[in-house]
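Notes to accompany the following structure.
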Amino acid sequence: MGFERAASVKPTSLVDPFGRDVSYLRVSVTDRCDFRCVYCMAENMNFLPKQDLLTLEELDRLCTAFVAKGVRKLRLTGGEPLVRRGVMTLIGSLSRHLATGALDELTLTTNGSQLPKYADELAALGIRRINVSLDTLDAAKFRAITRWGELDKVLDGIAAAQAAGLAIKINTVALKGVNDDEIASLIEWAHGRAMDLTLIEVMPLGDIGEERLAQYIPLSMVRARLAERFTLDDVDHRTGGPARYVRVRETGGRLGLITPLTHNFCESCNRVRVTCTGTLYMCLGQNDAADLRAPLRASGSNGPLHAAIDEAITRKPKGHDFVIDRRHRGPALDRHMSVTGG
């Protein structure tokens, strides 16, 4: 499959109304997944009709437009990005921006299930590091959290990725009463295999009821518990995302903390998200969005698309409104995490 090659364009900066340089784009290539993680999807999801999704060519053209406007980091997400048919062709095409130096990093977030099949090819196409979502090392608990997942397949995928030379960061959602008792052992496991680990507070997206409310645990509390066992030294390490890092002195590894509720990272937000239908969300925690599919399909020229991107960035808000509050039992936003892209 050959993608249209856009003419070389000198990158320009995307600067929002608060002076933040938007240099990081997260793109969902599919809303589908082979898991049904409880904090990401409903068990019986109604997925989008395939004709509503951007084609691989359209995804390539859209990403290239952002690169032309100064985006330096591109992350592919889902759903599960590696279940999208033909996704490796897309990754191969986007990797040309690495070769030209227009893009600093092309990466993806995955649940790991498809890595035994794709790890070697990802490495050959210029992917250097990936994030793998993993919330527990207990097989029964893993099945309960993911509803459909098999832990052994994910562990095999991680091993395949490391064998291919990919650096891996483990993403773990902290869930009170579910996995908070094994976070320390997860850190030791990851660091013992030369992998960083990042903890994430559960976010109030999609269906949220008493169970989700009960699962929320502030990472300030988790950190305090970890400090009883480990020596945690703050470090000035950045990967382009929202995590703040500490070094765990006893293991030598890094631990990231993503705290959208207890200590948001909005003041330094450098990213926007595009869904698999071409909807641009300027903030994960706000509903305001811009339709990029219409200008993408309306013209073979990139002018309307570039104009739509420019206009949308002028509406990027100062911050989100996430809150978990037992007095208000609805979600902060009705859409599931999988709709926007994990």
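Mind listing the phi-derived Karplus ³J(HN,Hα) values for the stretch 83-99, rounded to whole Hz, using 6.51, -1.76 and 1.60 with θ = phi - 60°, and x for any glycine or proline?
8, 6, 4, x, 4, 5, 5, 4, 4, x, 5, 5, 5, 4, 6, 6, 5
Sort 290-302, 50-62 by packing, meaning the average of other beta carbons within 10 Å per residue, with the highest value first.
Result, highest mean Cβ count within 10 Å first: 50-62, 290-302.
Using packing as a proxy for protection, rank 273-279, 226-232, 88-94 so that the peptide with the highest average count of other Cβ atoms within 10 Å comes first.
With the highest mean Cβ count within 10 Å placed first, the list reads 273-279, 88-94, 226-232.
Anything over 27 Å Cα to Cα? Flag those among LYS73/LYS117; LYS50/LYS169; LYS73/LYS169, in the order listed.
Pairs exceeding 27 Å: LYS50/LYS169.
Rolling a 1.4 Å sphere over the protein heavy atoms, what is the accessible area per residue of the stretch 135-190, to the nearest Å²?
40
Taking H placed 1.01 Å from N in the peptide plane, check which residues at least 5 places from ARG20 or on another chain put their amide H under 5 Å from its amide H.
Correct list: empty.
Using only alpha carbon pairs under 8 Å that are at least six residues apart, calculate the relative contact order of the stretch 16-140 and give it in whole percent.
28
Calculate, in nm to one decimal, what ALA298 and THR100 gain on full extension: separation in residues at 0.36 nm each, minus their alpha carbon distance.
Result: 68.4 nm gained on full extension.
Relative contact order for the stretch 11-79: what percent, with Cα pairs under 8 Å and sequence separation of 6 or more?
Rounded, it is 59 percent for the stretch 11-79.
How much of the accessible area of the stretch 38-152, in percent, comes from carbon and sulfur atoms when a 1.4 Å probe is used?
49
The values are calculated or read from the model by the stated rules, or taken from the named source; none is laboratory data. Predicted model only: the values in this text are computed from it and were never measured. All Cβ positions, glycine included, derive from the backbone under ideal geometry; neighbour counts span all protein chains shown. Ligands, DNA and RNA are excluded from the accessible area calculation, which covers all protein heavy atoms including side chains. Shrake-Rupley method; radii C 1.70, N 1.55, O 1.52, S 1.80 Å.
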